[in-house]
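Novice: Attaching a single structure in structure tokens format; questions to follow.
The values are calculated or read from the model by the stated rules, or taken from the named source; none is laboratory data. As the structure is a computational prediction, the values presented were derived from the model and not from experiment. For neighbour counting, all protein chains shown are included, and Cβ atoms are generated from backbone atoms with ideal geometry for every residue, glycine included. Protein only, heavy atoms only, side chains kept; ligands, DNA and RNA dropped before computing areas. Shrake-Rupley method; radii C 1.70, N 1.55, O 1.52, S 1.80 Å.
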Amino acid sequence: SERPTLRAVIKVTLLKHEPTGKPIVLEGVFVGGSAGKAEGKLMQYHPLSLCNTSEDERQESDFITIVKLEHRVPRCKALHDKARMALDKGAQAVIFDVSDDANAAAELREIDSLPRPVVLVEAEDAEELMGLVNKNEEAKVVIEIKMEPKWPHYD
Amino acid sequence: PHKQISGVSSGCQQGGCLTCSDYNGCLSCKPRFFMHLERIGMKQIGVCMTSCPPGFYGTRSPERNTCTKCRSECDSCFNKNFCTRCRAGFYLHLGKCQESCPEGLVRSDTQRECV
Amino acid sequence: RIQDRQGPAAPLCPPPCQCEEDGIFIMVDCSEMGLSSVPTNLSPLTTYLDLSMNNISEIQPRAFHRLHLLSELRISGNQLRYISGHDLQGLNNLKVLMLQNNQLERLPDDAPWDLPNLLSLRLDANLLSEVPAEAFRGVRSLRHLWLDDNSLTEIPVMALDSLPSLQAMTLALNQITHIPDYAFTNLSALVVLHLHNNHIQTMGSRCFEGLHSLETLDLNYNDLQEFPVAIRTLSKLQELGFHNNNIKAIPERAFVGNPQLQTIHFYENPIQFVGKSAFQFLPKLHTLSLNGATQIQEFPDLKGTTSLEILTLTRAGLSALPLDLCEQLPRLRVLELSYNQIEDLPSFYHCSALQEIGLQHNQIRRVESSTFHQLTSLRALDLSWNIIEWIHPDAFASLHSLIKLDLTENHLSSVPVAGLGGLTHLKLRGNTELYEAFSPDHFPHMRVIEMPYAYQCCVYGSCDNYKPASQWDTEQSNTNEDLHKRTVAMYPIHGDTHYDPDLEEFQLEIEESKLQTSVQCTPTPGPFRPCDSLLG
């Protein structure tokens, strides 16, 4: 049966606009029963950086990893291992942009017991988030569980 | 001292790139090029080079050539356990960067070696 | 930057290159500029010159003859086919020469390069099929040599004879098939030797003679048929790799000549036999992995290998473990012995650092009180797929750090809970005589629990009276439901339910349930697996 999924609210605030800046609010989907709250600085990782345990650089402060998955990148590891490795590298949460990797979403939805939040984003939400990344704008991200309205199907 | 100038511009235009994306830079390199994951602020992009940047060493394999970080006390290295040049304050002897030299050798600050 | 400064004193920066001053010297970067030849008007004060990633196919005569102070020259990523000794004339101070990623087919023989101070020479990723005997006669100070990713079919024994100062060399990714005796006789300073990804099938038993300083030897991804006994002369060896070869046996006293060994990687070999004394007296070895060596009937004698932290010996023919196992291996952290025929267990009492034990798929019948006594660091214990009928009531009493216990598929009718208060994962599936419904109070930190019968999950609140009937009918029970599906089931937020928290309170409860880490218990009760046991 299609597993019900909890949606995530992703609030992004540019550090240069803090503390008064109005956050950009995007949405995603939690995977692997990882629904929960997380907060940290946004850090992009290349998909290949989650292939081996090379300690290329350790982040000091709390950070949230964002990875744009691409089907053209040779698959070195199962995605749930990549998610786990990103968390093992110290990420408070991981955001996967699955817009360009159709299989990724299906594969990631099946995984279990992740210690911290892993969220999938796509389409406009992903585009806006990656747009920020591309401008190399330092940003703080807060991830929360989205509260669905009380009677969504009431008609 | 010699300055290491990275002769490779980032992004998709460089010569060694085989497949590329706007967000991740190089996704794969042409044969015999090394893939280096370069961090620029909060971004990390793939860059294809013929030699890894200072502080990294190259490992060749049939499938993929990658750059991996040397030990922290090395400015450059041959592999994970063999340095070829030390960071300031360390002195090279048989591939090891140490703060002191074995008996019979003295520290050379200009060469950062035990001589 | 030099370009911005005018006036006679400014050393010339040849366009279109970019230059930077380094005191009175100048560093020139002409990389990736589409050049087809070396710029002519280079300053004699140039110490660093980068010509990489251009279209240079030959070095014009006297291109570098004034550059006596040049320390580093990079010409990688061009189309050079040959560089004669004359081409590099004048570079008396050169220390680093990078020629990788060109199309060099041969090296000079009659008039070799005269670079007396050269320390690092990169010739990797070219088309060299051989190295002439005299090729390195003019680079005697060389320390680091890259010849990997070429077409060599033999070790360039004669050429290497001229390199007494060589410390690190890679000949990886070539087509070398054999290493002759005395191949590296004069390389007494060599510390690192990479030979991985060749086609090496045979080696002379004296092929590593003379390598008195060698610490790292990489023979991975070759076609070795026999164990490389030639390593016996490498008394300083610390790191040895021969994984992905075709070796079937590791002989007795295999590493008797290598007391400094810290790591040995030999997975992906069809190893059937391992000499009982093969891994003795390796006081610095911290990891030993043996998988699938079916001819191993006895546990190896690890006398003198006292620093071992990780021991993996799976899919062999072990039927018993030595009683003094832990006396030999006091620092053991991970013990993985799955897929053997082990029947009785010794006491692991002296292995006080043990964190993980894997004994799944053996023939274990009983667990005594002493077996795991005082293993206060033990975090994970896998005893699944044995024939355990009885576990002493105090068997787990002192396992204060234990969080994962797997007893799947045994013959248990009861499980002692003393000492299991810290568990987050408990697996008991397949113990068909185990009917007890364990109270959640025993396991305050539990997150994932697998029981033999669905009704045993009712104590964890996942029975049918918590779910609206309609949701129950449409939803097909799923044996591996995950954490948030349980959360939704416990706090239904869809239409037709009488439970109606307001949104803020709902967020808090989600947070609390997250904190309480609600338990994922399987098999989940359902209409065909009711909470009340049919057996009463």
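Novice: Is it the case, given these coordinates, that residue A:93 is hydrophobic (A, V, I, L, M, F, W, C) and either more than 22 Å from residue A:18 (Cβ to Cβ) or open to solvent by 40 Å² or more (accessible area, probe 1.4 Å) (or both)?
Specialist: The answer is no for residue A:93.
Novice: Another question, if that's okay. Within the group A:34, A:49, which residue is of a type in the set (Ser, Thr, Tyr), surrounded by 15 or more Cβ atoms within 10 Å (Cβ to Cβ) and under 14 Å from the mean Cα position of the chain (by Cα)?
Specialist: None of the other options fit; the residue is A:34.
Novice: Is there a residue being in a loop (DSSP other than H, G, I, E, B) and either farther than 24 Å from residue C:230 by Cβ or more than 14 Å from chain B (Cβ to nearest Cβ) (or both) anywhere in the range C:165-172?
Specialist: No, the range C:165-172 contains no residue that is in a loop (DSSP other than H, G, I, E, B) and either farther than 24 Å from residue C:230 by Cβ or more than 14 Å from chain B (Cβ to nearest Cβ) (or both).
Novice: Considering only residues that are open to solvent by less than 40 Å² (accessible area, probe 1.4 Å) and of a type in the set (Val, Ile, Thr), which ones fall in the range C:195-253?
Specialist: Hits for the range C:195-253 are C:200, C:216, C:231, C:247, C:250.
Novice: Still on this model: Counting just the residues of the range C:359-381 that are buried (at least 20 other Cβ atoms within 10 Å of the Cβ) and not in a loop (DSSP other than H, G, I, E, B), which one comes out farthest from the chain's Cα centre (by Cα)?
Specialist: Only one residue tops the list, namely C:367.
Novice: Here is a follow-up. Residue check, residue C:159 against (1) part of a loop (DSSP other than H, G, I, E, B); (2) more than 19 Å from residue C:32 (Cα to Cα); (3) not β-branched (Val, Ile, Thr), all met but one. Which one?
Specialist: Only one criterion in (1) part of a loop (DSSP other than H, G, I, E, B); (2) more than 19 Å from residue C:32 (Cα to Cα); (3) not β-branched (Val, Ile, Thr) is unmet by residue C:159, namely (1).
Novice: Can you pull out the residues in the range C:132-147 that are open to solvent by 10 Å² or more (accessible area, probe 1.4 Å), in a loop (DSSP other than H, G, I, E, B) and under 15 Å from residue C:107 (Cβ atoms)?
Specialist: Selection gives C:132, C:133, C:134, C:137, C:138.
Novice: Further, regarding this structure: Could you please give the count of residues in the range B:63-74 that are more than 10 Å from chain C (Cβ to nearest Cβ) and in contact (Cβ under 8 Å) with a residue 24 or more places away in the chain?
Specialist: Within the range B:63-74, residues that are more than 10 Å from chain C (Cβ to nearest Cβ) and in contact (Cβ under 8 Å) with a residue 24 or more places away in the chain number 5.
Novice: Moving to a separate point now. In contact with a Ser or Thr (Cβ under 8 Å, 6 or more places away or on another chain), open to solvent by 50 Å² or more (accessible area, probe 1.4 Å) and outside any loop (DSSP other than H, G, I, E, B) - does that describe any residue in the range C:322-333?
Specialist: no
Novice: A follow-up question, please. Report the residue count in the range C:1-30 for those that are modelled with pLDDT of 95 or more and of a type in the set (Gly, Ala, Ser).
Specialist: The number of residues fulfilling the criteria is 0.
Novice: Mind checking which residues of the range A:113-133 are within 14 Å of another protein chain (Cβ to nearest Cβ) and either of a type in the set (Gly, Ala, Ser) or open to solvent by 50 Å² or more (accessible area, probe 1.4 Å) (or both)?
Specialist: Residues satisfying the conditions are A:113, A:115, A:116, A:122, A:126, A:127, A:128, A:131.
Novice: Sticking with this one: Are any residues in the range C:176-189 under 19 Å from residue C:228 (Cβ atoms) and part of a loop (DSSP other than H, G, I, E, B), and if so, which ones?
Specialist: Listed by number, the residues that qualify are C:176, C:177, C:180, C:181, C:182, C:183, C:184, C:185, C:187.
Novice: What number of residues within the range C:382-426 are assigned to a loop (DSSP other than H, G, I, E, B), aromatic (Phe, Trp, Tyr) and either more than 17 Å from residue C:449 (Cβ to Cβ) or open to solvent by 40 Å² or more (accessible area, probe 1.4 Å) (or both)?
Specialist: Qualifying residue count, the range C:382-426: 1.
Novice: Still on this structure, please answer the following. If you check C:217, C:193, which single one turns out to be in contact with a helix residue (DSSP H, G or I) (Cβ under 8 Å, 6 or more places away or on another chain), outside any loop (DSSP other than H, G, I, E, B) and within 14 Å of chain B (Cβ to nearest Cβ)?
Specialist: C:217
Novice: Next question, about the same structure. Is one or more of the residues making up the range C:305-313 of a type outside the set (A, V, I, L, M, F, W, C) and under 20 Å from residue C:345 (Cα atoms)?
Specialist: For the range C:305-313, residues of a type outside the set (A, V, I, L, M, F, W, C) and under 20 Å from residue C:345 (Cα atoms): present.
Novice: For the range C:432-442, give me the residue count where each residue is closer than 17 Å to residue C:393 by Cβ and either touching a residue at least 24 places away in the same chain (Cβ under 8 Å) or among the aliphatic types (A, V, I, L, M) (or both).
Specialist: Number satisfying all stated conditions: 2.
Novice: I've got another one for you. Failed condition for residue C:280, given (1) surrounded by fewer than 22 Cβ atoms within 10 Å (Cβ to Cβ); (2) within 14 Å of chain B (Cβ to nearest Cβ), with all others met?
Specialist: Every condition holds for residue C:280 apart from (2).
Novice: Where in the range C:5-80 are there strands (runs of 3 or more DSSP E), lying wholly inside it, with at least 2 residues that are within 14 Å of chain B (Cβ to nearest Cβ) and surrounded by fewer than 20 Cβ atoms within 10 Å (Cβ to Cβ)?
Specialist: The strands (runs of 3 or more DSSP E) meeting that bar are C:18-22.
Novice: Okay, next question. Consider residue B:102 carefully, then state whether it is over 19 Å from residue A:76 (Cβ atoms), open to solvent by less than 30 Å² (accessible area, probe 1.4 Å) and either part of a loop (DSSP other than H, G, I, E, B) or more than 13 Å from every other protein chain (Cβ to nearest Cβ) (or both).
Specialist: Answer is no for this residue.
Novice: Restricting attention to the range C:290-312, and to residues there that are over 17 Å from residue C:248 (Cβ atoms) and not in a loop (DSSP other than H, G, I, E, B), which single residue is most open to solvent (accessible area, probe 1.4 Å)?
Specialist: C:310
Novice: Take the residues of the range B:11-62 that are basic (Lys, Arg), within 9 Å of another protein chain (Cβ to nearest Cβ) and outside any strand (DSSP E or B): which is surrounded by the most Cβ atoms within 10 Å (Cβ to Cβ)?
Specialist: Taking the candidates together, the pick is B:60.
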